[in-house]
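Everything below concerns the one structure shown next.
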Amino acid sequence: MRGVVSVSSPVRDRKAKTALQKYYICSSFGQSVMKRFRTLFLFVLLFSPALPAGAETDGSRVKIRFGGRIDAQLFTDTYNSKTTNGGILYYFPLAPAYTSQGTDINRVSTLRFGVASSRINLTVTAPDLLGAEARGYVETDFMGSGDMLGVLRLRHAYVGLNWRRSQLLVGQTNNLSVPEEITPNTVAFGAGVPFNPLSRIPQIRYTRQVGESVRLSAAVGMYAGKEGEAQACGLVPDFAVRLTAGGPDALVGFSGAVKSIRPRNLTADSVRTTRRMTAFSASAFALYRFGGGHRLSVFAMWGQDLSTLNLLGGYGPRLSETERGEADYGYTATQTVATWIEFETRTMKGWQPGLLVGWTKNLGSGRAIDLAQASIPDRGIDRCIRVAPRLWYHYRQLSFGLEYLYSSASWGRVFDRRYRPTERYADTQDHRLTLLARFKF
């Protein structure tokens, strides 16, 4: 028929395409707006004047308190290093990367500024719940995931019941292998990673006061990420214990943990497998205060596959079994030792100097492993040392920190069957200077 435009005409196609593009643009914009709205809503909710800090709800004895801190830090590096969250969380210098002319392209200086480590928290307490004092705690920061800064990240979210001589905690908080009693007071974010473990996991923890100065804690928890999935498929949670003895002026502690994961459910031939990788760890720590407030702390840890604690480590298939062509092979973990010592003075007219020295070393694996199929984050690093003097100045809610980090890393070029380096690169060094301004509320 004349004068009738067909369904497949160019005019109709262009209009449909334009409408479709507008729909996708609006949809994407709407999703972005909704994400920002949810973040803004949570922020407004946390800081709502309807429940000011220390508020007590009507008709009950439940108390609500808000808190947190605002961090602004400027930091510079002289060598490319492993970092996350926009460079805020620092690990160690990378291995050299040489051009054909022999130039190390990782030898470059950078300057960054970050505020994402700022955090807010909410504490809710009730004096009598099941015969205990109940405490709920939620804390978040803006570190996001990877380098997606500015996105809220859940740090802690747990409920605690405190009886006279025992405590029960359910939720997400520090891994029991983290020495909470002696956390380093560093200016740089991370509290001494990768020498001091850093991990927060969902868990059930029970603590018992034994006598006047001895505390025994036990916890079962689950990791996240790749090993978390392997742990979920293996149906076995991480189990950890910690024993501490002493008081605020002198303290010693010991901890141990065991985890069992099932890296695969099926072999390459789609045959069901139940082979596991079991890893153990143990640590010891101590604290001593003297001279009116000076503090000396020391920590040491040995373990297998400590990668879930932000330390060195990993695991891989047993080489003897893969060489025989076995599809259903077992696994062997690498071993790592990490240690640090910290000295910090008492606060003197607002000033508080301190020093952290750390060292970590790859010890290889107990059996030969297939490195081609191994799961080893940061493969190649063999040892790392750090010397970090710092200076804090505190004035009421304000704190200013200046810290210098000297880090040196040794990377293996060639490894033997037990993941021990036989050839090395030249050691790499990084000099990081951090200036921090903090306001606590």
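Given 10 °C and 1.306 mPa s, how large is the Stokes-Einstein diffusion coefficient of the range 212-317 in µm²/s, with Rh as the Kirkwood radius over Cα pairs?
100
Keeping all protein chains in place, calculate the accessible area per residue for the range 132-198 (probe 1.4 angstrom), answer in Å².
Accessible area per residue: 38 Å².
Setting aside same-chain residues fewer than 8 positions from LYS259, which aspartates and glutamates have a Cα under 17 Å from its Cα?
List returned: GLU227, GLU229, ASP238, ASP305.
Sorted by mean Cβ packing within 10 Å, highest first, what order do the peptides 348-361, 118-131, 301-314, 195-208 take?
301-314, 195-208, 348-361, 118-131
Taking 37 °C and 0.692 mPa s as the conditions, I'd like the Stokes-Einstein D for the chain in µm²/s, using the Kirkwood hydrodynamic radius from alpha carbon pairs.
Taking Rh from Cα pairs, D becomes 131 µm²/s.
Tell me what the chain gives for mean residue ellipticity at 222 nm when only DSSP H runs of n ≥ 4 count, each as -39,500 (n - 2.57), the sum divided by the residue total, rounded to 500 deg cm²/dmol.
Per the formula, -4000 deg cm²/dmol.
Could you estimate the translational diffusion coefficient of the range 365-441 from the Stokes-Einstein equation, with Rh from the Kirkwood formula over C-alpha pairs, at 4 °C and 1.567 mPa s, in whole µm²/s?
83
For the range 139-296, state what percent of all Cα-Cα pairs lands in each successive 5 Å bin, counting from 0 Å until the bin that includes the largest distance.
2, 8, 13, 17, 18, 16, 12, 8, 4, 2, 1, 0, 0, 0
Give me a comma-separated list of calculated 3J(HN,Hα) values for the range 87-102, in order, Karplus coefficients 6.51, -1.76, 1.60 applied at θ = phi - 60°, integers in Hz, x for any Gly or Pro.
Along the range 87-102, the couplings run x, 5, 8, 9, 10, 6, x, 6, 6, x, 10, 9, 7, 5, 8, x Hz.
For the range 222-266, what does the convex hull of the Cα positions come to per residue, in cubic angstrom?
74
Estimate the FRET efficiency between ALA437 and ALA232 by the formula 1/(1 + (r/R0)^6), using the beta-carbon distance for r and 41 Å for R0, to the nearest 0.05.
0.50
P(r) of the range 66-151 in 5 Å steps, Cα pairs, percent per bin?
Each 5 Å bin holds this share of Cα pairs: 3, 12, 16, 15, 12, 11, 8, 7, 6, 4, 3, 2, 1, 1, 0.
Would you kindly derive the ³J(HN,Hα) couplings of the range 366-378 from the backbone phi angles with the Karplus curve 6.51 cos²θ - 1.76 cosθ + 1.60 (θ = phi - 60°), listing them in order in whole Hz, with x for Gly and Pro?
Per-residue couplings from phi come out as x, 10, 5, 10, 7, 5, 5, 10, 6, 9, 10, x, 6 Hz.
Using 7 Å Cα-to-Cβ label points, what is the LYS82/SER270 separation (nm, one decimal)?
Inter-label distance under the simple model: 3.7 nm.
Please work out how much length the chain gains when fully extended from GLU212 to LEU243, using 0.36 nm per residue of separation minus the C-alpha to C-alpha distance, in nm with one decimal.
Contour length minus Cα-Cα distance gives 9.8 nm.
Looking at the P(r) of the range 335-389, how many percent of alpha-carbon pairs lie beyond 14 Å?
67
Taking only protein heavy atoms into account and a 1.4 Å probe, give the accessible area per residue of the range 251-351 in Å².
With the other protein chains kept in place, the range 251-351 gives 43 Å² per residue.
Hey, what's the Cα Rg ratio for the range 83-223 versus the globular rule of thumb, 2.2 N^0.38 Å?
1.38
Please grab the % of Cα pairs in the range 150-229 that end up more than 16 Å from each other.
62
With a 1.4 Å probe and all protein chains left in place, how much of the accessible area of the chain comes from carbon and sulfur atoms, in whole percent?
The computed percentage sits at 61.
Convert each backbone phi in the range 290-307 into a coupling constant with the Karplus relation 6.51 cos²θ - 1.76 cosθ + 1.60 (shift: θ = phi - 60°), then list the ³J(HN,Hα) values in order as whole Hz, x for Gly and Pro.
Once rounded to whole Hz, the list reads 7, x, x, x, 5, 10, 10, 10, 9, 9, 8, 9, 10, x, 10, 6, 8, 4.
Under the 0.36 nm per residue contour assumption, what length would be gained going from the current alpha-carbon distance of VAL414 and ALA284 to full extension?
43.5 nm
Which loop trypsin sites (Lys or Arg not before Pro) in the range 282-332, with loop taken from DSSP, have no more than 15 other Cβ atoms within 10 angstrom of their Cβ?
ARG324
If Rh is defined by the Kirkwood formula over all Cα pairs and Rg also comes from Cα, what ratio Rg/Rh do you get for the range 295-441?
Rounded to two decimals, Rg over Rh is 1.14.
The values are calculated or read from the model by the stated rules, or taken from the named source; none is laboratory data. Source: prediction; values computed, not measured. When we count neighbours, we look across all protein chains shown, and the Cβ atoms used for this are built from the backbone with ideal geometry, even at glycine. Keep in mind that these areas ignore ligands, DNA and RNA; they rest on the heavy atoms of the full protein, side chains included. Shrake-Rupley method; radii C 1.70, N 1.55, O 1.52, S 1.80 Å.
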